[in-house]
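The values are calculated or read from the model by the stated rules, or taken from the named source; none is laboratory data. As the structure is a prediction and not an experimental result, all values here were calculated from the model. These area figures cover heavy atoms from the full protein model, side chains too; ligands, DNA and RNA do not enter into them. Shrake-Rupley method; radii C 1.70, N 1.55, O 1.52, S 1.80 Å.
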Amino acid sequence: MSPSESSGLAVLASGSGSILEAIVAAGLPVGLVVVDRPCRALDVAGDAGLEGRLVARDRFDAGFDRAAYTTQVVELLVAEGMEIVAMAGFMTVLGAGLFDVFGGRVLNTHPSLLPAFPGAHAVRDALAYGVKVTGCTVHVATEQVDHGPILAQEAVPVLSGDDEASLHERIKQVERRLYPATLHEVLASA
Ligand code: GRF
């Protein structure tokens, strides 16, 4: 059975979960939601009747054991029979162990037109630079953060008076359409 028919799609999230909501609303077969901290995304999963699992980070400082944390997440994904992993605002960078097992099957959405403005503050960085157009990128994730083959991009104009929140919300409006549509294409071709 291909992932488009089964529910082998895992979504990883850390925040408000609005991209996850859009993925669910688009009818994608989400089999598991993993979060790294207590967050609204876990409630979104519960409200949608999806299995949601908290794999809590024990620390956020330099002592964080990224490899061990990655192993915990990968073991859960494998145990639950996941085949494709969609990161949707997951704020922990996972290590090589994820790509050893799921290489080429990890997708991400990022709120800039990559390769411009990678990293955790893409919208803030784009505003600070003074670009007039930014946007979002759906790509295959690799061990190098916000890198990897681009599957879809869409531009979003920066408006005078935009702040980080207003610009990010307009970018997310596009992500909520573009990411599910791209995931549908990926699952159909899997
Ligand atoms: C999105 O802009 C995504 O690209 C970024 O985090 C945001 C997640 O938004 N990595 P939400 O928590 O789903 O609302």
Residue-averaged 222 nm ellipticity for the chain, from DSSP H runs of 4+ at -39500 (n - 2.57), nearest 500: -11500 deg cm²/dmol
I'd like the carbon and sulfur percentage of the solvent accessible area for the stretch 104-190, probe radius 1.4 Å, heavy atoms only, ligands and nucleic acids excluded. 58 percent
Could you give the angle, 0 to 90 degrees to the nearest 10, between helix 66-79's Cα long axis and the longest principal axis of the Cα atoms of the chain? 60 degrees
Residue-wise, which Karplus ³J(HN,Hα) couplings in Hz belong to the stretch 55-61, taking 6.51 cos²θ - 1.76 cosθ + 1.60, θ = phi - 60°, and x for glycine or proline? 10, 6, 6, 7, 7, 10, 9
Apply the Karplus curve 6.51 cos²θ - 1.76 cosθ + 1.60, θ = phi - 60°, to the phi angles in the stretch 10-19 and return the couplings in whole Hz, x for Gly and Pro. 9, 10, 10, 9, 9, x, 6, x, 6, 6
Considering only DSSP beta bridges where both residues belong to the chain, give the percentage that are antiparallel (nearest 5). 40 percent
Output the Kirkwood hydrodynamic radius of the stretch 1-84, Cα pairs only, in Å rounded to one decimal. 13.3 Å
Just need the relative contact order of the chain here, percent rounded to a whole number, with Cα pairs under 8 Å and 6+ apart. 21 percent
Quick one: which residues, 5+ away or cross-chain, put their amide H under 5 Å from the amide H of V33? H built at 1.01 Å from N. V11, E51, G52, R53
Long-range amide H partners of G17 with built H, under 5 Å: A41
Diffing the stretch 90-99: the Karplus 3J(HN,Hα) column from phi (6.51, -1.76, 1.60, θ = phi - 60°), in whole Hz with x for Gly and Pro, holds 7, 9, 10, 6, 8, x, 4, x, 5, 7
For the chain, what does the accessible surface come to per residue with a 1.4 Å probe? Please give it in Å². 46 Å²
Amide proton proximity set for T137, modelled H, under 5 Å, gap of 5+: H110, S112, L114
Counting only the heavy atoms of the protein chains, how much of K132 is accessible to a 1.4 Å probe, in Å² to the nearest 10? 150 Å²
Calculate how steeply helix 164-189 sits against the longest principal axis of the alpha-carbon atoms of the chain, using the helix alpha-carbon long axis, and give the answer as 0 to 90 degrees to the nearest 10. 40 degrees
Alpha-carbon gyration tensor eigenvalues x 5, square-rooted, for the stretch 15-143, Å: 24, 19, 15
